[in-house]
Amino acid sequence: MTRIENEAQYNWAVSRVEKLLPLVDDNTPVTDNNYIELKLLSELVADYSDEHYQIGSPDLVSTLKLRMYEMGLNQTSLAGLLGISKSRISDYLNGRSEPTLTIAREMSIKLNINADIVLGV
């Protein structure tokens, strides 16, 4: 098998990897059959996962909502923290507008959000 071609093969390979994991550790020789099988199947599973289960980059709206939850902030307190109006926060959270560079910088620093996410890069 050069690649996993369907979900059934993927599920079998994942199950087999889970069974092999306890049998292989850092001291297992690279010539061990379990090590070889685990290495090959892991690569096949990873390739299939990358192709079929990609996780997209986080967007500003979902990141802001998550950070608000984590920090216990509501729209009013977030507006105060960033020094902008509550309606502007509402615009960001509803995707109606994007932050200016100055506000993006404040979000990145004060909310500890990666600048790439804030800027949509």
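The values are calculated or read from the model by the stated rules, or taken from the named source; none is laboratory data. The model shown is predicted, which means the values in this text are computed figures rather than measured ones. Virtual Cβ from ideal backbone geometry, glycine too; neighbours counted across all protein chains shown. Note: areas computed on protein heavy atoms with side chains; ligands, DNA, RNA excluded. Shrake-Rupley method; radii C 1.70, N 1.55, O 1.52, S 1.80 Å.
Straight Cα distances below 14 angstrom link LYS65 to the aspartates and glutamates ASP91, with same-chain residues fewer than 8 positions distant left out. If I fit a long axis through the Cα atoms of helix 33-52 and take the longest principal axis of the Cα atoms of the chain, what angle between them do I get, 0 to 90°, rounded to 10? That works out to roughly 40 degrees. One quarter of the surface of the convex hull around the alpha-carbon atoms of the chain equals 11.3 nm², the direction-averaged projected area. Taken about its Cα centre, the chain carries a charge dipole of roughly 860 debye when the Cβ of each Lys and Arg holds +1 and the Cβ of each Asp and Glu holds -1.
Considering all C-alpha pairs of region 68-121, those separated by over 18 Å amount to 23%. Counting every pair of alpha carbons in region 44-97, the share spaced more than 13 Å apart comes to 66 percent.
Of the trypsin sites (Lys or Arg not before Pro) in region 80-113, which ones lie in a loop per DSSP and count no more than 15 other C-beta atoms within 10 Å?
Numbers: sites: LYS86, ARG88, ARG96, ARG105, LYS110; in loops: ARG96.
When the trypsin sites (Lys or Arg not before Pro) of region 80-113 are filtered for loop state and at most 15 Cβ neighbours within 10 Å, ARG96 remain.
Helix content alone sets the calculated 222 nm mean residue ellipticity of the chain: runs of n ≥ 4 DSSP H residues at -39500 (n - 2.57) each, divided across all residues, give -19500 deg cm²/dmol.
Within the accessible area of region 1-104, what % is carbon and sulfur when the probe is 1.4 Å and the other protein chains stay in place? Looking at region 1-104 in its full context, I get 52 percent from C and S.
Quick one: compute the contact order of the chain, relative version, from alpha carbon pairs under 8 angstrom and 6+ residues apart, as a percent. Mind showing how you got there, number by number?
Numbers: 74 pairs, mean separation 24.8, N = 121.
Contact order relative to length: 20 percent.
Candidate cross-link partners of LYS19 among the lysines, defined by an alpha-carbon separation under 16 Å and a same-chain spacing of 8 or more, comprise LYS39.
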